[in-house]
Every structure is written in structure tokens, then in C-alpha cells.
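Report on the structure given below.
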Amino acid sequence: MPDLLAHALIAYTLAMLLSWRYDWLTRPYVTVSMAGAFIPDMTKVRYILPSDQVKLLIGVPFDWDALHTGGPVLLCVLIGVTLVAPRQRKRVFALLLLGAASHLVADALLLTASGRSYAVFWPLTLYHPPTPGLYLSTQPEPTILAAVAALFVWLATQYHVG
Amino acid sequence: MSQQDSKGIGASRRRSLIARLAVLIILIALLTGHLIWFNTVGPNPAMGDYPGGGHLAADYEQYIGERVVVNGEVIDTNPVVVRYGPADDPKLFLTVTELSIQPERGDPISIFGIVRPDHTIEAINVVIHDRRGLSEYGLSHTWAVSFLAGIWVLGRILNHWRLNTHELTLRPRAETWLETRREDDNA
């Protein structure tokens, strides 16, 4: 997916739709799903501190890209869960996971030259699933589409709640 | 509340804090372990994990005859030449053959192909990225939009969650959209 905004909008849309079904899923939890959508893009830390530099610093192999795979994303979700009180843990777990998973799925559909996506399920397997190639990472259209969807559920929720 | 009660509560709060801290440290250690481990796996073409530009830059000869995925920028069009490293490194370019499309100079490109001797790649498939995602200043619009998203979500977090300094947890603030949700705050 092109940018973080698209991922945040997708997570927002999904969480808002679920809030129609689950009464406990209120605004703070919608926000949690959006925070979850940011997790896989923590790989962007590499633009500030490249993996090679970390390697030199700590003297062992290192790759930020692991943050964009299933296992490490799950660990980040669990780290998020430890920051809240016991009563909110299950909900925060569910919504961080929703946001993070929606990001991974959206990115698994990106057009690539090899026709393969990335190691979505690592460390279970290094397998790069084939991608349908629905959009380019540099295309603005998916973000616009996500914004329209978010606007629609926002309006529908105002009507639904009010 | 008697003194003994408040002491008891203090002790249980301390225990729960220590337990959370222990779990947090374990999780961060596990995560770090994965970031180290990931760098030691692959490439594995059978799994769809092809070598990339970094591998070619490190040892070109080793990958001759193999399928690779290289991201770079088109610097010449006849023949098509792609630079896949910093501009000041003259070794990191590839002449692309068997192209089915004609890219333009400056196009951001991904090439899936077979490595041939003498800095040549036989293209199987290429993807030319959308230049609209990149601005003339070299800073991508994508970054500006992503930054906006960061501000938006950070603002929402600050608005919807507060730090409970007593137990060092984040708690949802009073919910506005239905008053019954206030129970969260009192739990």
C-alpha cells in the first residue's frame, strides 16, 4: 500500500464497521486499530538508522524488515497489550491485531516484478505467497479509495449511533 | 482504610508492575532476536525469496545465472541502464535486455530477471513505479501523506487514552459516543 494514511484509513474503516456489532468497541479502540496499522511500517526506522549501521553497532546480523512479517508483528502487538490495564487487554489485543493484519494483507496484494509478495508468515515459513498485483506501492488511488470508504463509515456511524 | 490494607495494595501493585515489566523485557528480547534471525535467512528462490540488489552489490559473480529482483532508477534508455545503488558508485548499474516495455529516463523500476555476466540482466518481468508517488524534490509525496497519518493517529491516541500514573497503564478516557462506555474508566 502506498502510504501509512491508506493503512490507517483501512484500519479505521474496519474497526468502525465492527463497532456497529460490538458495543464495547468505542473510539479509543478504533484508535488502537489505527495504531496497530502502523506496526509493520516501523521498518521505516531504517531510513533513520539503516540495518547495516545497527549491524556494525551490535556486531551481529540485523534487519528491520523483519518487523514487516507475521511473527514480529505479533510480538509488537503483545508489547502493546502490556501497556494497558488487565481489563482492556483482550480488546487492545484484538484491535492492534486487526490493524496490523489489515496492513499485512493490503501489502500482500501489491504488484511486484517477481509476482511474489513477502514473508507474511515468517518465522513459520519464509514462503512468499503469490500476489495478485492489485496496485503499485507508489499509486495514490488506493489511498483515495480508502479515504472514501472511511468517510462513508464515519457518516454511517453518525447516523447509526445518533 | 487501615494502614495494613494500603500496604497490601501497594505490595500487589508492585508485584503486578514487576510482572508486567518482566513480560515486556521478554517480549522485547524475543523481538530483537527475530530482527537478528531474519537477517540470517534467505534468499531462498524456491520460497519466492529472490536475491536483491544488496546481494548483487556484495558479490555479483555468485549470482550469475540466478533469478534476482533489483530495484533501481532508469539512467539510460538505449540500451536501458538501471542504477541500483548510490550515484557515486559506478559499479552498481545493470544493462537490461529482453525488455517488453520502453521505460523513460528517471523511472523508478523493479526488475525480475536472470543475472548475466558483465553487469547485464535478462528481464523476465519489470514493474515501473508511479512517478506521481515521487515529487521533484526527491522527497516522496507518500512521505508527506504518511507523516499526516502519524499526526492524526498520535492526536487520537492522546485524545482517547491517558496515562494512569498510579499503575503505569494507558486507560481509555471517558467515552463520548455512548455514555455506558464510561465503565471502562472505572474498572
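Values computed for the structure shown
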quantity: Residue in region A:43-56 that is more than 8 Å from chain B (Cβ to nearest Cβ), touching a residue at least 60 places away in the same chain (Cβ under 8 Å) and either of a type in the set (S, T, N, Q) or touching an Asp or Glu at 6+ places or on another chain (Cβ under 8 Å) (or both) present; calculated: no
quantity: Verdict on B:ASN44 being of a type outside the set (D, E, K, R) and touching a Pro at 6+ places or on another chain (Cβ under 9 Å); calculated: no
quantity: Answer from A:THR82, A:THR69, A:THR112 - the residue that is β-branched (Val, Ile, Thr), farther than 21 Å from B:ILE28 by Cβ and within 10 Å of chain B (Cβ to nearest Cβ); calculated: A:THR112
quantity: Cross-chain or 6+ apart pairs with Cβ under 6 Å, region B:82-93 first and without any contact (Cβ under 8 Å) to a residue 60 or more places away in the chain and over 11 Å from B:ASN71 (Cα atoms), then in a loop (DSSP other than H, G, I, E, B) and not aromatic (Phe, Trp, Tyr); calculated: B:LEU92/B:GLY85
quantity: Number of positions in region B:148-187 that are more than 8 Å from chain A (Cβ to nearest Cβ), modelled with pLDDT under 90 and assigned to a helix (DSSP H, G or I); calculated: 5
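The values are calculated or read from the model by the stated rules, or taken from the named source; none is laboratory data. All figures in this text were calculated on a predicted structure; none of them were measured in a lab. Glycine also receives a Cβ, built like all others from the backbone with ideal geometry; neighbour counts cover every protein chain displayed.
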